[in-house]
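After the structure tokens below, expect a handful of questions from me.
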Amino acid sequence: MKKISSGKILLKNIKHMENSRLRDNDDVSDLMGDIEQRGLLERVGIRKKDNALIFGNRRVKAFEKLGYEDIECDYYDDMSDDDLLITNLAENLKRKNIGSIEIGRICKILQNNEMTNSEIAKKLDITKSRVDSAICAYTVTLNTPFEKLILFGNKGPQRKGIPE
């Protein structure tokens, strides 16, 4: 992934892809306050060819809620959908509150796209056993009442994240 330029993008033109975070109702009020006070400290990442959001989902949500029309971004060269998923997950692993089920969901998508657990681990710079256990955590929730939480991010009122 190589940054090729910087600029602004209209929020309505951002293509939202699969995201490692399942927090559709994520509270971004803390981030909104920070943006109002200090401005945007880190630009969002956009794939140039199709305006797909690589990273910065919470920042985009905060800007939308604040009523902005555009956001500062860095454009990156063409990358595959798998590379986009890996970059998004890698960024979220560095941040707080991403659970094993969320990690496992993305790893399972990558696994279904013919990537081995060892390859996934290497690209994410985590151990293979962490990939294995995350996929297991995700898989055991399938065909249970928790599946809806995983597939649709519907956590109900006052819930943050998904239960482990």
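Do we have any residue at all in region 88-96 that's over 17 Å from Lys15 (Cβ atoms), without any contact (Cβ under 8 Å) to a residue 40 or more places away in the chain, in contact with a Lys or Arg (Cβ under 7 Å, 6 or more places away or on another chain) and among the hydrophobic types (A, V, I, L, M, F, W, C)?
Within region 88-96, not a single residue is over 17 Å from Lys15 (Cβ atoms), without any contact (Cβ under 8 Å) to a residue 40 or more places away in the chain, in contact with a Lys or Arg (Cβ under 7 Å, 6 or more places away or on another chain) and among the hydrophobic types (A, V, I, L, M, F, W, C).
How do the pairs read when you match residues in region 130-146 that are over 14 Å from Ile103 (Cα atoms) with residues anywhere that are in a helix (DSSP H, G or I), using Cβ under 8 Å and keeping only pairs 6 or more apart or on different chains?
Leu142/Ile150
Can you find a residue in region 4-13 that is open to solvent by 30 Å² or more (accessible area, probe 1.4 Å), of a type in the set (Gly, Ala, Ser) and in a strand (DSSP E or B)?
Yes.
Failed condition for Leu40, given (1) open to solvent by 20 Å² or more (accessible area, probe 1.4 Å); (2) in contact (Cβ under 8 Å) with a residue 40 or more places away in the chain; (3) aliphatic (A, V, I, L, M), with all others met?
(2)
Something else now. How many residues are touching a residue at least 60 places away in the same chain (Cβ under 8 Å) and at positive phi when one looks only at region 97-129?
1
Something else: Does region 26-42 hold any residues that are in a loop (DSSP other than H, G, I, E, B) and farther than 20 Å from Asp74 by Cα, and which are they?
Scanning region 26-42 gives Asp26, Asp27, Val28.
The values are calculated or read from the model by the stated rules, or taken from the named source; none is laboratory data. Please read all numbers here as calculations on a predicted model, not as lab measurements. Glycine gets a Cβ as well: all are built from the backbone with ideal geometry, and neighbour counts include every protein chain shown. Heads up: the accessible areas ignore ligands, DNA and RNA and are worked out on the full protein's heavy atoms, side chains in. Shrake-Rupley method; radii C 1.70, N 1.55, O 1.52, S 1.80 Å.
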